[in-house]
Amino acid sequence: QVQLVESGGGSVQPGGSLKLSCAVSGTTVSSNVMSWYRQAPGKEREFVASILRTGSIGNYADAVKERFSISRDITKNMVYLQMNNLKPEDTALYYCKASWGKDYWGQGTQVTVSS
């Protein structure tokens, strides 16, 4: 029913930028709290950013505050994560999440930051 498909991941150098996309089907971005999470090898999945049903920003993790920006496009039913000044510690598999009573997850897209 609900499907989330992330894209836009890749390999970049420290200080570089990358924009992730999450295509939503089976529901709408305005019907859910939309979030980004990430998981690095050997670590637990951690919260990155969220946007509320109204379109207002929910929250950012301290580690990405001032560097990452979450947004959405209602017309395209898409959610984005603009990542700037990337650091090696940002390397992880990034997941899109839709939440409203039930939680739905995408398959993830890999982001690798290295020299």
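The values are calculated or read from the model by the stated rules, or taken from the named source; none is laboratory data. Keep in mind that this is a model prediction, so the values were computed, not measured. Backbone-built Cβ (ideal geometry, glycine too); neighbour counts: all protein chains shown. With ligands, DNA and RNA removed, areas are computed over all heavy atoms of the protein, side chains included. Shrake-Rupley method; radii C 1.70, N 1.55, O 1.52, S 1.80 Å.
Within region 12-43, how many residues are more than 20 Å from LYS102 (Cβ to Cβ) and more than 16 Å from the chain's Cα centre (by Cα)? Selection size over region 12-43: 8.
Yes/no matrix, rows are residues, columns are (1) open to solvent by 20 Å² or more (accessible area, probe 1.4 Å); (2) free of Cβ contacts under 8 Å to residues at least 24 places away in the same chain; (3) farther than 15 Å from VAL111 by Cα; (4) touching a Gly at 6+ places or on another chain (Cβ under 8 Å):
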| site | (1), (2), (3), (4) |
| --- | --- |
| GLN1 | yes, no, yes, yes |
| GLU6 | no, no, no, yes |
| LYS19 | yes, no, no, yes |
| ASN32 | no, no, yes, no |
| VAL48 | no, no, no, no |
| ASP62 | yes, yes, yes, no |
| GLU66 | yes, yes, yes, no |
| SER69 | yes, yes, yes, no |
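If you take the residues in region 78-115 that are open to solvent by 80 Å² or more (accessible area, probe 1.4 Å) and within 13 Å of the chain's Cα centre (by Cα), which one is nearest to TYR37 (Cα to Cα)? Only one residue fits best here, namely TRP105.
Annotation note: of ILE57, ILE74, the sole residue that is in contact (Cβ under 8 Å) with a residue 40 or more places away in the chain and either open to solvent by 10 Å² or more (accessible area, probe 1.4 Å) or of a type in the set (Ser, Thr, Tyr) (or both) is ILE74. Is it true that some residue in region 51-72 is within 16 Å of GLU6 (Cα to Cα) and touching a helix residue (DSSP H, G or I) at 6+ places or on another chain (Cβ under 7 Å)? Checked against the condition, which is being within 16 Å of GLU6 (Cα to Cα) and touching a helix residue (DSSP H, G or I) at 6+ places or on another chain (Cβ under 7 Å), region 51-72 yields at least one hit.
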